[in-house]
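See structure below.
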Amino acid sequence: MRQISPGSKVVSAFGWWSYQLIFGAALAISAPWILARRGRHYLQTLLPRLGFPGGREPGVPSSSAGTLWIHAVSVGEVSVAGTLAKGLPVEIPLVVSTITPTGQQRAREVFRGRAEVGYLPFELGFAVRRWFRRFHPKALVLVEGDLWPLVLRTARGRGVPTVVINGRISDRSFPRLLRFRRWLAPLFGPVDFFAMQTEVDRDRLLALGVEPERVAVTGNLKFETALPDRLPTLEATFEALAGDRPILIAGSTMAGEDELVLEAFRRLLEEGKKALLLLVPRHPERWGDVYRLAVDRGFAVARRSGFDQEEAEKETEVVLLDTLGELAALYRLAASAFIGGTLVAKGGHNPLESARFGVPTVVGPSMENFREMAGHFDVASAWRRVDSAEKLAATWQHWLDHPEEAEEVGHRGARLIESHRGALEATLEVLQPIFHSLAVPRPMGSRSEPDHDDR
């Protein structure tokens with residue numbers, strides 16, 4: 001790993017003050033809109049992202065010499081971080097940051113008793129300094145490359161080595177980054193090493209001006225993710241509710257997509273097929289809208305959150321999963337799974353969550369966020385692609401009529417995942433140079449530094 005150098009000060013002190021002023025102004029201007037649209041979801045993040053401490057993780061010291069900071073934006077990145085953590089020396093103290101509340105909840109589950117969990121501070125000097133004073137990290141690992149200039153500048157100024165793991169540059173962001181290449185030094189310059197998912201990601205990084213010696217291809221850690229813990233009580237509830245009906249799961253659906261899924265399910269029922277649909281919107285703030293949409297379409301709908309209050313009726317046709325952190329484990333119940341964000345142009349979501357259980361999986365045309373993974377699935381015929389509600393319904397009907405074909409598709413997906421393991425070992429090798437400075441015993445009775453001021 002290269003030595004951190006002072007680097008060319010491409011941004012003056014005035015430039016950094018201007019950047020923070022612009023960021024703060026944008027935050028203030030957008031706050032009313034964010035609170036109006038997603039207030040219930042994001043209000044809880046405000047104080048922590050300003051640098052004020054949140055709740056402590058029980059059994060985890062609030063700071064330790066040699067702490068490794070892992071930043072993971074949301075649920076998908078947290079799963080990758082959890083995979084990485086399983087390969088780390090147990091004596092390395094961890095702190096994990098996220099941006100979204102869903103990611104925060106997932107991180108508290110994955111890292112319970114192993115790491116402190118908090119929100120990434122806003123790009124404001126006082127908030128970033130508070131974070132560094134509270135946790136005094138000795139190294140920073142960024143999952144997939146969520147780069148924030150002020151955080152990176154502060155890390156470099158404190159001599160904190162920074163590594164991107166499982167890095168990728170999406171089809172959507174690459175043209176924009178290329179257009180502004182000459183101004184990217186504050187983003188890419190402070191990062192010591194980039195461990196990228198694919199050769200395409202590596203080539204894109206080189207095209208953006210990153211030196212070849214700072215980049216390697218280590219594979220996709222999502223292929224290494226362990227199976228989620230079972231939820232036996234909830235699984236039994238769904239199986240009782242379904243009775244002799246197969247369970248279809250539409251996971252991580254996006255705005256404009258739920259209508260298509262419900263239309264496909266309606267067509268299936270009209271053909272005389274019996275099934276129970278588990279509908280899972282990606283964003284919690286849409287739960288109420290999707291529930292009303294399903295009711296307005298004439299379906300008998302139950303909300304997962306109501307299971308504890310009143311038992312869902314046997315005639316329920318659609319269950320809205322309006323709770324967090326359960327979808328990944330429930331995929332094992334599915335006769336078939338549809339992966340959302342694919343019938344609308346959102347770039348797709350992770351198909352491995354269903355495929356690792358051998359569940360026959362169907363997706364729409366939009367999988368730009370997982371282009372190499374999608375290519376492997378296409379070549380192996382390990383899923384089915386559709387581009388309309390009609391074709392989704394036809395696929396579900398065909399697989400219910402021909403379960404042996406559905407089973408073979410599912411098996412191909414599971415075999416594909418097994419054949420692409422190895423990214424964890426390659427990633428740990430990249431991180432080896434920083435382990436010697438991190439693998440230190442936790443001091444007994446360690447406490448956080450007091451945060452007296454923001455000088």
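What's the extension gain from residue 199 to residue 305 if we count 0.36 nm per residue and subtract their Cα-Cα distance?
33.8 nm
What's the FRET efficiency of residue 28 with residue 181 using the Cβ-Cβ distance as r and R₀ = 30 Å, to the nearest 0.05?
0.50
Hey, got the dipole for the stretch 68-205? About the Cα centre, +1 on K and R Cβ, -1 on D and E Cβ, debye to the nearest 20?
For the stretch 68-205, the charge dipole is close to 480 debye.
Place a point 7 Å from Cα of residue 415 in the direction of its Cβ. Which residues in the stretch 205-233 have their backbone N less than 18 Å from it?
none
Please state the charge dipole magnitude for the chain, taken about the Cα centre, from unit charges on C-beta atoms (+1 on K and R, -1 on D and E), reported in debye and rounded to the nearest 20.
Roughly 2040 debye, rounded to the nearest 20.
In whole percent, what relative contact order does the chain give with Cα contacts below 8 Å and a gap of six or more residues?
17
So how far apart, in nm, are the two label points at residue 173 and residue 206 if each is 7 Å from Cα heading toward Cβ?
Between residue 173 and residue 206, the label points sit 2.1 nm apart.
Along the charge dipole of the stretch 282-397, pointing to its positive end and built from +1/-1 on Cβ of Lys, Arg, Asp and Glu, which listed residue (345, 328, 299) has its Cα farthest out?
So the residue furthest toward the plus end is 345.
Using a 1.4 Å probe, what is the accessible area per residue for the chain, in Å²?
The answer is 45 Å² per residue.
Given the whole protein assembly as supplied and a 1.4 Å probe, what does the accessible area of residue 169 come to in Å², nearest 10?
Accessible area, nearest 10 Å²: 10 Å².
Could you look at the chain and say what percent of its accessible area is carbon and sulfur, using a 1.4 Å probe and all protein chains?
55
With n ≥ 4 as the cut-off for DSSP H runs, can you work out [θ] at 222 nm for the chain, using -39500 (n - 2.57) per run divided by the number of residues, rounded to the nearest 500?
Calculated from helices alone, the mean residue ellipticity at 222 nm is -12500 deg cm²/dmol.
Run the 1.4 Å probe and let me know the accessible area of residue 119, rounded to the nearest 10 Å².
20
Given a Förster radius of 56 Å and the C-beta distance between residue 233 and residue 385 as r, what FRET efficiency does 1/(1 + (r/R0)^6) yield to the nearest 0.05?
It comes to 0.95.
Each residue of the stretch 229-241 in turn: what ³J(HN,Hα) in whole Hz from Karplus with 6.51, -1.76, 1.60 and θ = phi - 60°, glycine and Pro shown as x?
Those phi angles translate into 4, 6, 10, x, 5, 5, 4, 5, 5, 5, 5, 5, 5 Hz.
Pull out the extension gain between residue 407 and residue 425, defined as 0.36 nm times the separation in residues minus the alpha carbon to alpha carbon distance; nm, one decimal.
Gain on extension, residue 407 to residue 425, equals 3.4 nm.
The values are calculated or read from the model by the stated rules, or taken from the named source; none is laboratory data. Everything quoted here is computed from the prediction, not taken from an experiment. Positions of Cβ are generated from backbone atoms using ideal geometry, with glycine treated the same way; all protein chains shown enter the neighbour counts. We work out accessible area using only protein heavy atoms, side chains counted, and drop any ligands, DNA or RNA first. Shrake-Rupley method; radii C 1.70, N 1.55, O 1.52, S 1.80 Å.
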